[in-house]
1. If one computes P(r) from the Cα atoms of segment 175-267, what percent of pairs lie at distances over 15 Å?
2. With charges set only on the Cβ (+1 for Lys and Arg, -1 for Asp and Glu), what does the dipole of the chain come to about its Cα centre, in debye to the nearest 20?
3. How far apart, in nm, are two points set 7 Å out from the Cα along the Cα-to-Cβ line at Arg49 and at Glu239?
4. In whole Hz, with x marking every Gly and Pro, tabulate ³J(HN,Hα) for segment 193-198 from phi via Karplus 6.51 cos²θ - 1.76 cosθ + 1.60, θ = phi - 60°.
5. Report the equivalent ellipsoid semi-axes for segment 105-333 in whole Å, largest first, defined as the square roots of five times the eigenvalues of the gyration tensor built from alpha carbon atoms.
6. Suppose the chain between Arg149 and Asp85 were pulled fully straight at 0.36 nm per residue; how much longer would it get relative to their current alpha carbon spacing?
7. Considering only the chain, what is the antiparallel percent among its DSSP beta bridges, to the nearest 5?
8. Between Gln161 and Ser289, what is the label-to-label distance in nm when each label sits 7 Å out along the Cα-to-Cβ direction?
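Only the coordinates and a few stated rules stand behind these numbers; no lab work does. Just so we're clear, the structure is a prediction, and the values are computed from it rather than from any experiment. Every residue, glycine among them, receives a Cβ derived from its backbone with ideal geometry; neighbour counts consider all protein chains shown.
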Amino acid sequence: MSEHSKLEYIWLDGYEPTQNMRSKTMVRKNFGGTVEECPVWMFDGSSTRQADGSASDCLLQPVNIFPDPQRINGYLVMCEVMNPDGTPHVSNGRATIDDDDNDFWFGYEQEYFIMDVATQLPLGFPVGGYPGPQGLYYCSVGGKNTHGRSLVEEHADLCLQAGINFEGINQEVACGQWEFQIFAKGAKQAGDELWVARYMLDRLTESYGYYIEYHPKPIKGDWNGSGMHANFSNGVMREKGGRELFDNICEAFGQNIDKHMSVYGAHNEERLTGLHETQSIDQFSYGVSDRGASIRVPASVPNDGWVGRLEDRRPASNGDPYKIGAVIISTTKSVC
């Protein structure tokens with residue numbers, strides 16, 4: 001076995017309104033596989049809209065590490081971007097999360113479209129036309145309605161091999177649209193795992209001639225958009241509960257629409273129209289089993305005596321799970 005390891009440092013750039021993943025490789029000798037062994041590194045922030053050329057150094061602070069199944073002795077190192085003085089960079093959403101005790105649990109449902117590089121269209125879309133209407137694509141099987149399964153299956157295997165708490169996959173309502181689910185205890189851990197899962201998905205497309213479209217409404221018209229439903233709970237919700245508590249939390253979310261929508265993803269107004277299993281972006285509603293509401297109360301919650309989780313259906317597929325987790329925690333903590 002080689003004594004050398006490849007450490008892929010991954011971070012988020014400073015592009016607005018949607019940040020991109022960046023990465024570069026460090027080779028280390030006799031590396032033991034722990035995040036504590038990963039040194040702080042630097043990068044050129046002037047090339048990522050995070051610094052000026054006259055003072056371009058930004059720091060990469062390793063915060064989590066996963067084995068890289070696609071490399072021999074490889075590791076995926078999730079990093080926070082820091083200023084040269086060691087303070088969090090303004091683009092660092094992870095540093096804003098108030099969940100040091102990991103009391104909050106998050107499950108993210110990441111929807112996305114698989115796009116063909118040659119045609120710039122979702123898989124299954126003919127050039128100059130449209131496939132059959134929605135209805136038969138959701139959880140479908142067979143070459144007529146199912147497109148991209150090989151990529152999706154390979155991605156799932158890679159995530160599991162990397163130790164990510166990967167909970168499932170399914171084809172979604174629109175043609176060429178898929179979803180995967182991530183669950184973790186702790187908002188930072190959930191965000192780390194989702195970003196690394198996205199990284200592996202994007203990197204995998206390089207071998208297929210595809211790319212991933214995270215825009216919440218890439219195909220206009222009578223097609224579902226892509227969201228990233230955020231399932232969340234804290235200890236009080238899971239253990240004490242009560243209908244009044246759940247109502248109060250939902251009401252608090254309804255009083256902070258702008259605060260949440262400002263970090264729930266760019267161009268989300270194109271998706272949140274009140275159609276295609278969404279509530280309008282400027283309105284708020286909640287209800288048991290209501291997939292047309294802003295927040296869905298799962299049917300299991302009243303059945304279990306009003307304990308459990310809530311699902312905020314508004315986050316877009318291109319949202320930052322760090323920022324989404326941070327605002328959900330902030331609003332929930334205002335109640336309990």
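1. Value for segment 175-267: 74 percent of Cα pairs lie more than 15 Å apart.
2. Values: 28 positive and 46 negative charges, 82 e Å.
The calculated dipole for the chain is roughly 400 debye.
3. 4.3 nm
4. 5, 5, 5, 5, 5, 4
5. Values: eigenvalues 181, 77, 48 Å².
Over the Cα atoms of segment 105-333, the ellipsoid semi-axes are 30, 20, 16 Å.
6. Working: separation 64, 0.36 × 64 = 23.04 nm, distance 4.59 nm.
Taking 0.36 nm per residue and subtracting the Cα distance, the gain is 18.4 nm.
7. Numbers: 55 of 63 bridges.
Antiparallel bridges make up about 85 percent of those DSSP assigns within the chain.
8. Label-label distance for Gln161 and Ser289, simple model: 4.1 nm.
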